[in-house]
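Q: The structure follows.
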Amino acid sequence: MNIYEIAKKAGVSIATVSRVINNSPKVKEETRAKVEAVLRQYRYTPNAIARSLVTKATHTVGVLTSDVRDSYYASAIYTIEQSFRELGYNVILCNTGLELKEKKEYLRLMLQKKVDGIILVGSVFKEKDDNSHIYEVATHVPVVMLNGDLQGNNIYSIVCDDGAAVFNIVEMLYSKGHRDIVYMYDVESFSGMAKIEGFKRSMKKHKLEINGRIIKVPRGIQGGYEGVERLEREGVPYTAILASEDIIAVGVLKKLREIGRRVPEEVAVFGYNNSQYSLCTMPELSTVDNKVTDMALGAVQMLYDVLQGKEVIHRVVVTPQVVIRGSG
């Protein structure tokens, strides 16, 4: 389906279709709705080079994240901004929070700013049920999801194999004699669910107890602290604790130290993300390096290549690395 066929289906001129694709204000709302309906029906994606013939590229990209204070997101954003600056692009950063309404609003804002493309940083941008807002945006500009996986035209993903990393940690702990293993997490995102599935796969493989050993906790240090309190209060035996984030594992270590449990002699502790937090604990935290810088650079290259009209693989998987330090 090309632009000529789209115009014919919608009963408008080619110029009108071009104005709709490029978000021009010089289109009646009734006409815009009719053309957009046809674009969605046929999942039409404009070629980047063809778009540049009818509108001047702004050399600006939009970057959305849910919480810029998060060290993982901050590291990715820094790499993305610096890399695009070297390529001659400006970056508009939006801090959306977790509410779907806010995510949609910021995506609309990016289109109004006429960005050339968008990068969504973090797996929280893939909704469990309805991702029509992302598909809609992708009819206008290319979208790259960093550690989020969504199949669709003009949507590209670079993801870390988080499930494999957690699976491998459980395998390692099992080989060292651990049988009472607990997993703590805070968010049920695409990445978060992949980690849980990796934990379940290894536990089921070795016929280990899962009930009561996957615990959702509040975000941050307090989450890990309260998680250990809950284990103690409910009398759940544990010799190893895996956390979905380093900062949760920091809270775990804090509470274990408070109640006199020795790490790693009595309890092994693993975090996730290989953040600076993992180097600030006693003992230093064993964790997973999920290659955030590599993924950020990959996301930049993906979007840049699409904007240059090159053929781009829609999905790339990055292999994480388990980092053993004092707590494991």
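The values are calculated or read from the model by the stated rules, or taken from the named source; none is laboratory data. Everything numeric in this text was worked out from a predicted model, so none of it was measured. No Cβ is skipped: glycine too gets one built from the backbone with ideal geometry, and neighbour counts run over all protein chains shown. These area figures cover heavy atoms from the full protein model, side chains too; ligands, DNA and RNA do not enter into them. Shrake-Rupley method; radii C 1.70, N 1.55, O 1.52, S 1.80 Å.
Q: Here is a list of conditions, (1) charged (D, E, K, R); (2) under 22 Å from Ala165 (Cβ atoms); (3) assigned to a helix (DSSP H, G or I), and Glu284 meets all of them except one; can you say which number that is?
A: Unmet for Glu284, out of (1) charged (D, E, K, R); (2) under 22 Å from Ala165 (Cβ atoms); (3) assigned to a helix (DSSP H, G or I): (3).
Q: I would also like to ask the following. Can we say Ile80 is in a strand (DSSP E or B) and modelled with pLDDT of 90 or more?
A: Numbers: in a strand (DSSP E or B): no; modelled with pLDDT of 90 or more: yes.
Spelling it out, it is not the case that Ile80 is in a strand (DSSP E or B) and modelled with pLDDT of 90 or more.
Q: In the range 143-160, which residues are part of a loop (DSSP other than H, G, I, E, B) and hydrophobic (A, V, I, L, M, F, W, C)? Can you show your working first?
A: Let us first name the residues in the range 143-160 that are part of a loop (DSSP other than H, G, I, E, B), namely 147-154.
Passing the criteria: only Leu150.
Q: Can you name the residue in the range 242-269 that is among the acidic types (Asp, Glu) and touching a residue at least 40 places away in the same chain (Cβ under 8 Å) and, of all such residues, is surrounded by the fewest Cβ atoms within 10 Å (Cβ to Cβ)? Break it down into steps so the answer makes sense when it comes.
A: Let us first name the residues in the range 242-269 that are among the acidic types (Asp, Glu), namely 245-246, 258, 265-266.
Still in the list and also touching a residue at least 40 places away in the same chain (Cβ under 8 Å): 245-246.
Values: Glu245: 27, Asp246: 25.
Taking the candidates together, the pick is Asp246.
Q: Can you say whether Tyr272 is of a type in the set (Phe, Trp, Tyr) and surrounded by fewer than 22 Cβ atoms within 10 Å (Cβ to Cβ), as far as the supplied structure shows? Break it down into steps so the answer makes sense when it comes.
A: Working: of a type in the set (Phe, Trp, Tyr): yes; surrounded by fewer than 22 Cβ atoms within 10 Å (Cβ to Cβ): no.
Considered against the rule, which asks whether it is of a type in the set (Phe, Trp, Tyr) and surrounded by fewer than 22 Cβ atoms within 10 Å (Cβ to Cβ), Tyr272 comes out as no.
Q: Which condition does Ser278 not pass, out of (1) surrounded by 22 or more Cβ atoms within 10 Å (Cβ to Cβ); (2) of a type in the set (Ser, Thr, Tyr); (3) not in a helix (DSSP H, G or I), if it passes all the others?
A: (3)
Q: Taking the stated definitions as given, is Ala74 touching a residue at least 60 places away in the same chain (Cβ under 8 Å) and either under 16 Å from the mean Cα position of the chain (by Cα) or in a helix (DSSP H, G or I) (or both)?
A: Details: touching a residue at least 60 places away in the same chain (Cβ under 8 Å): no; either under 16 Å from the mean Cα position of the chain (by Cα) or in a helix (DSSP H, G or I) (or both): yes.
No: the conditions fail for Ala74.
Q: Restricting attention to the range 163-218, and to residues there that are free of Cβ contacts under 8 Å to residues at least 40 places away in the same chain, surrounded by 15 or more Cβ atoms within 10 Å (Cβ to Cβ) and of a type in the set (Ser, Thr, Tyr), which single residue is farthest from Asn147 (Cα to Cα)?
A: Among those that are free of Cβ contacts under 8 Å to residues at least 40 places away in the same chain, surrounded by 15 or more Cβ atoms within 10 Å (Cβ to Cβ) and of a type in the set (Ser, Thr, Tyr), it is Tyr174.
Q: Here's something else I'd like to know. When you go through Gly122, Gly97, Gly117 one by one, which is the residue that is buried (at least 16 other Cβ atoms within 10 Å of the Cβ), farther than 25 Å from Ile21 by Cβ and touching a residue at least 24 places away in the same chain (Cβ under 8 Å)?
A: Details: Gly97 fails: buried (at least 16 other Cβ atoms within 10 Å of the Cβ); Gly117 fails: farther than 25 Å from Ile21 by Cβ.
Of Gly122, Gly97, Gly117, the one residue that is buried (at least 16 other Cβ atoms within 10 Å of the Cβ), farther than 25 Å from Ile21 by Cβ and touching a residue at least 24 places away in the same chain (Cβ under 8 Å) is Gly122.
Q: Among the residues of the range 293-317 satisfying the criterion of being open to solvent by 20 Å² or more (accessible area, probe 1.4 Å), out of contact with any Pro (no Cβ under 9 Å at 6 or more places or on another chain) and β-branched (Val, Ile, Thr), which is farthest from Gly62 (Cα to Cα)?
A: Val317
Q: Same structure again: Would you point out the residue of the range 136-162, among those that are crowded, with 24+ Cβ neighbours inside 10 Å and within 22 Å of Tyr42 (Cα to Cα), that is farthest from the chain's Cα centre (by Cα)?
A: His140
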